[in-house]
Amino acid sequence: MQNELKIYNTLSRETSVFKPLHKDYVGMYVCGPTVYSNAHLGNARTYVSFDIIYRYLLHLGYKVRYVRNITDAGHLEGDRDEGDDKFAKKAKLEQLEPMEIVQRYTIDFHEVLKQFNTLPPSIEPTATGHIIEQIEMTKKILANGYAYESNGSIYFDVEKFSKEHNYTILSNRNLEELLNNTRELDGQDEKKGRLDFALWIKAKPEHIMRWQSPWGEGFPGWHLECSAMSSKYLGSEFDIHGGGMDLIPTHHTNEIAQNLACHHTQPAKYWIHTNMLTVNGQKMSKSLGNSFLPAELFSGNHQLLDKGYSPMTVRFFMLQAHYRSTLDFRNDALQAAEKGFERLMNGLEMLPKLKSSETSTFSVSELIEKVYKAMNEDFNTPIALSHLFDATRYINLVNDGKETLTEADLKNLTNFMNSFIFNVLGLKAEESNSGQLTDDLMQIIIGIRAEAKSKKDFATSDFIRDKLKNIGIEIKDSKEGTNYKIG
Ligand code: AMP
Ligand code: ZN
């Protein structure tokens, strides 16, 4: 493509040219959802962002293996091995099997992402389907001396690891400060060090999701599953690892430590992190109580919303921010996105109707180049969209006869706009809102009839009423005005 793709890498804290480990192939692992509740709009933002990255890599011609897991075991309430198991707690609350919880919310997750028109990953492995791999990895880390057993659980020895490696390489946090900000251990603790985390957790008698292991019955720690599954499907070294920025300090920091302790290699060359969707500047999260569901956004059925917005409007709204910037949820921004999306789609619809000329009055290839340049600068969708809006403005001017395009340029622009908007941005034409359209048309007809009546042109007003009646629409006049009823 015109320019080389550059990616911001959290690990190096730099934007650099993307060079895959194996020419033409890309291995990408993205941390998937913990399926114990409905996916909220913030989760959706992260997966839409990685969908754009996936689509753009495919568009550039890479053969991409995209692995996105489903966390269906092992994720405790605190990210640091504290609190109840999320699935067990929800299962108890709803009087269901933990696997019923997993099934219900996996289906919900897939449905939500389908509405946003995201492509499915190449592999979607589950934590419960890879217990053996996680046990094997724990054994290796133990054998390499970076973990210890304590009362049937296995903990990662962060102090030992830190003597040879930079534990906070990804977060760039000061280890001393981190230690000071972490809860002190007490006599009850099985861990040796404050930052140690569980690879394998001994199951209490009441714990339902449990597996046999060399250390007794238990279940794997949350961080371990991603190390085990990424190594299995992408190898111990692969190209891209992604997730939301909130995963940097603990989950991804521990993943890197596990991989180094097991395979002696840092797993991913590029670490990509998406920023948060916020509400009034605060991260949207289930625990903060400020989250809402995509379904609520589509229907408008929520106190924060003036009205409903279609899935493609919401996707467009997300694309208007760069994935590394926060995106604040606002009604006015969604309204603007609705108009913007409509304008873009109108431009697209106009293209096949345009007439070509002998000469072109503007450069199509320059326009296209600008869009690729934006995408090559760390997937900058807002800038790419601004150039697509320029293209739309030109399309309107050609339609008005104020600018011209040759047949070849017109063809080039049409191919590019269609391929970029549908394949890369993943937008799609929505079924027209026929209910709204009917209502708008009826208001126009009722207006014409009222005008005729006011001029005592009863022939016309009766003609309108009778013709509508013939197609099953009844007009009703009352003191409050005129209404209509269909069928
Ligand atoms: P979870 O199901 O909590 O493990 O989260 C799934 C993904 O959603 C993770 O990559 C999180 O970083 C991401 N995520 C959670 N909350 C938000 C948010 N408000 N905005 C963007 N991404 C989020
Ligand atoms: Zn993960």
*asked:* Here is a list: Glu255, Glu296. Which entry is free of Cβ contacts under 8 Å to residues at least 40 places away in the same chain and assigned by TED's automatic domain parsing to the domain that holds Glu111?
replied: Glu255
*Tell me, which residue of segment 281-293 that is touching a residue at least 60 places away in the same chain (Cβ under 8 Å) and of a type in the set (Ser, Thr, Tyr) is surrounded by the most Cβ atoms within 10 Å (Cβ to Cβ)?*
Ser291
*For Leu76, indicate whether it is modelled with pLDDT under 95, farther than 30 Å from Thr313 by Cα, hydrophobic (A, V, I, L, M, F, W, C) and within 16 Å of ligand 2 (Cβ to nearest atom).*
yes
*Restricting segment 268-288 to residues that are within 20 Å of Asn38 (Cα to Cα) and among the small types (Gly, Ala, Ser), which is modelled with the lowest pLDDT?*
Ser287
*Please report, ordered by residue number, the helices (runs of 4 or more DSSP H) entirely within segment 406-487 with at least 1 residues that are among the aliphatic types (A, V, I, L, M) and touching a Ser or Thr at 6+ places or on another chain (Cβ under 6 Å).*
407-418, 434-454
*Any idea which of (1) assigned to a loop (DSSP other than H, G, I, E, B); (2) touching a residue at least 12 places away in the same chain (Cβ under 8 Å); (3) over 26 Å from the mean Cα position of the chain (by Cα) is the one Gly187 doesn't satisfy?*
(2)
*Taking segment 475-487, which residues are free of Cβ contacts under 8 Å to residues at least 12 places away in the same chain and over 46 Å from the mean Cα position of the chain (by Cα)?*
Lys476, Asp477, Ser478, Lys479, Glu480, Gly481
_Test result for Arg173, touching a strand residue (DSSP E or B) at 6+ places or on another chain (Cβ under 9 Å) and more than 21 Å from Ser227 (Cα to Cα)_ = no
*Tyr62 modelled with pLDDT of 95 or more, under 18 Å from Asn376 (Cα atoms) and either away from ligand 1 (no atom under 12 Å from the Cβ) or under 16 Å from the mean Cα position of the chain (by Cα) (or both)*: yes
*Does segment 238-280 hold any residues that are buried (at least 22 other Cβ atoms within 10 Å of the Cβ), within 16 Å of ligand 1 (Cβ to nearest atom) and charged (D, E, K, R), and which are they?*
Glu255
*Of Glu342, Glu366, which residue is of a type in the set (Asp, Glu) and within 15 Å of Ala384 (Cα to Cα)?*
Glu366
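Of all residues in segment 303-323, which are outside any helix (DSSP H, G or I), in contact with a Gly (Cβ under 9 Å, 6 or more places away or on another chain) and free of Cβ contacts under 8 Å to residues at least 60 places away in the same chain?
Initial filter on segment 303-323 (outside any helix (DSSP H, G or I)): 303-310, 320-323.
With in contact with a Gly (Cβ under 9 Å, 6 or more places away or on another chain) added as a condition, the list becomes 306-309, 320.
Selection gives Asp306, Lys307, Gly308, Tyr309.
Looking only at strands (runs of 3 or more DSSP E) that fall completely inside segment 28-122, which ones have 3 or more residues that are touching a Phe, Trp or Tyr at 6+ places or on another chain (Cβ under 6 Å)? Walk me through how you get there before you give the answer.
Values: elements: 63-68, 76-78, 82-85.
Ranges flagged: 63-68.
Condition test on Ala44, is it hydrophobic (A, V, I, L, M, F, W, C) and more than 16 Å from ligand 2 (Cβ to nearest atom)? Quick ask: steps written out before the conclusion?
Working: hydrophobic (A, V, I, L, M, F, W, C): yes; more than 16 Å from ligand 2 (Cβ to nearest atom): yes.
Yes.
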_Glu14, sole failed condition from (1) more than 16 Å from ligand 2 (Cβ to nearest atom); (2) within 30 Å of Tyr372 (Cα to Cα); (3) touching a residue at least 12 places away in the same chain (Cβ under 8 Å); (4) of a type in the set (D, E, K, R)_ = (3)
*In segment 359-384, residue nearest to Gln320 (Cα to Cα) [restricted to those that are of a type in the set (Ser, Thr, Tyr) and part of a helix (DSSP H, G or I)]*: Thr381
*Might you check whether a residue that is surrounded by fewer than 13 Cβ atoms within 10 Å (Cβ to Cβ), farther than 25 Å from Glu4 by Cβ and touching a residue at least 40 places away in the same chain (Cβ under 8 Å) occurs anywhere in segment 440-463?*
no
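The values are calculated or read from the model by the stated rules, or taken from the named source; none is laboratory data. Just so we're clear, the structure is a prediction, and the values are computed from it rather than from any experiment. Cβ: placed from backbone, ideal geometry, glycine included. Neighbour counts: every protein chain shown.
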